[in-house]
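Have a look at the structure below before the remarks.
The values are calculated or read from the model by the stated rules, or taken from the named source; none is laboratory data. All figures in this text were calculated on a predicted structure; none of them were measured in a lab. For neighbour counting, all protein chains shown are included, and Cβ atoms are generated from backbone atoms with ideal geometry for every residue, glycine included.
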Amino acid sequence: MQKEIVAESKARMDKTVESVKHELAAIRTGKASVNLLETVRVESYGQQSPLNQVASVSAPDAHSLVVQPWDKSLIGDIVKAIQQEDLGLNPQVEGEVVRVPVPPLNEERRRDLVRLAKKVAEDGKVALRNIRRDANDNLKKLEKDKDITSDLMHDAMNDVQKVTDGHCETLDALVNSKEKEVMSV
């Protein structure tokens, strides 16, 4: 029973780390990356759709992105959605594609992005600690109901702590990598 609790908390922590990776990928660096536009949602056919479901996005060089909609009538909606996303990007229509120049970041903006990355990682750590707390509460309840012994409960709590520590180290490594990426000119 305690093994299931440890396994479930590990699976939930894995999902949290994946979520943080996804959020960090969307943080802009000095180079053009298709991940920059991952959060953009476009009004199409009466509903909000992720940009990558209505167009192909590519990065032909380090300073621009090209969005090629599958339905040419969506070009105006795509431009509007990119502008509303507040990414500091100014899309331009060129025939049947939308070109998005990615300006270089200044020092102040780089520091802001590093702060944002650290906040995302810290939010992830808070989520990990909440998962650990839930697992520990479940283990204490099992011990209180006499389903497991006190020794088994403490062993399982130690296992949960080790899993939590490992995931926190992963988040630290991710944010350090992102910081180096953002601060490199």
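Observations on the structure shown:
- Of all the residues in region 50-85, those that are surrounded by fewer than 17 Cβ atoms within 10 Å (Cβ to Cβ) and assigned to a strand (DSSP E or B) number 7.
- Checked against (1) surrounded by 18 or more Cβ atoms within 10 Å (Cβ to Cβ); (2) outside the structural domain of M157 (by TED's automatic domain parsing); (3) modelled with pLDDT under 90, R110 meets all criteria but (2).
- Within region 29-48, residues that are of a type in the set (K, R) sit with their Cβ atoms under 7 Å from residues that are not in a helix (DSSP H, G or I), at 6+ positions apart or across chains, in these pairs: K31/A62; R41/Q48; R41/S49; R41/P50.
- Residue count for region 146-184, restricted to those that are free of Cβ contacts under 8 Å to residues at least 12 places away in the same chain and of a type in the set (A, V, I, L, M): 1
- Taking the numbered list (1) surrounded by 12 or more Cβ atoms within 10 Å (Cβ to Cβ); (2) under 30 Å from M183 (Cβ atoms); (3) out of contact with any Asp or Glu (no Cβ under 7 Å at 6 or more places or on another chain) in turn, V120 passes all entries but (3).
- Considering S150, S177, S184, the condition of being surrounded by fewer than 15 Cβ atoms within 10 Å (Cβ to Cβ) and touching an Asp or Glu at 6+ places or on another chain (Cβ under 9 Å) is satisfied by S150 alone.
- Within region 1-36, restricting attention to residues that are of a type in the set (D, E, K, R) and part of a loop (DSSP other than H, G, I, E, B), the residue that is nearest to R129 (Cα to Cα) is R28.
- Selection of first residues in region 85-97 that are in the same structural domain as A59 (by TED's automatic domain parsing) and of second residues that are part of a loop (DSSP other than H, G, I, E, B), restricted to Cβ pairs under 6 Å at least 6 apart or on distinct chains, gives the following pairs, ordered by first then second residue: E85/V40.
- For K125, the stated conditions do not hold, so it cannot be described as under 26 Å from I82 (Cβ atoms), at pLDDT 90 or above, of a type in the set (D, E, K, R) and out of contact with any Ser or Thr (no Cβ under 7 Å at 6 or more places or on another chain).
- Test for A117: is it in contact with a helix residue (DSSP H, G or I) (Cβ under 6 Å, 6 or more places away or on another chain), modelled with pLDDT of 90 or more, closer than 30 Å to S49 by Cβ and in a helix (DSSP H, G or I): yes
- Restricting attention to region 37-49 and to residues that are part of a strand (DSSP E or B) and among the hydroxyl-bearing types (S, T, Y), the residue that is surrounded by the most Cβ atoms within 10 Å (Cβ to Cβ) turns out to be S44.
- Residue within region 153-167 that is among the acidic types (D, E), within 19 Å of the chain's Cα centre (by Cα) and not assigned by TED's automatic domain parsing to the domain that holds H63 present: no
- Within region 7-28, considering residues that are more than 14 Å from the chain's Cα centre (by Cα) and not hydrophobic (A, V, I, L, M, F, W, C), the one surrounded by the fewest Cβ atoms within 10 Å (Cβ to Cβ): E8
- Selection within region 123-147 - surrounded by 18 or more Cβ atoms within 10 Å (Cβ to Cβ) and acidic (D, E): E143
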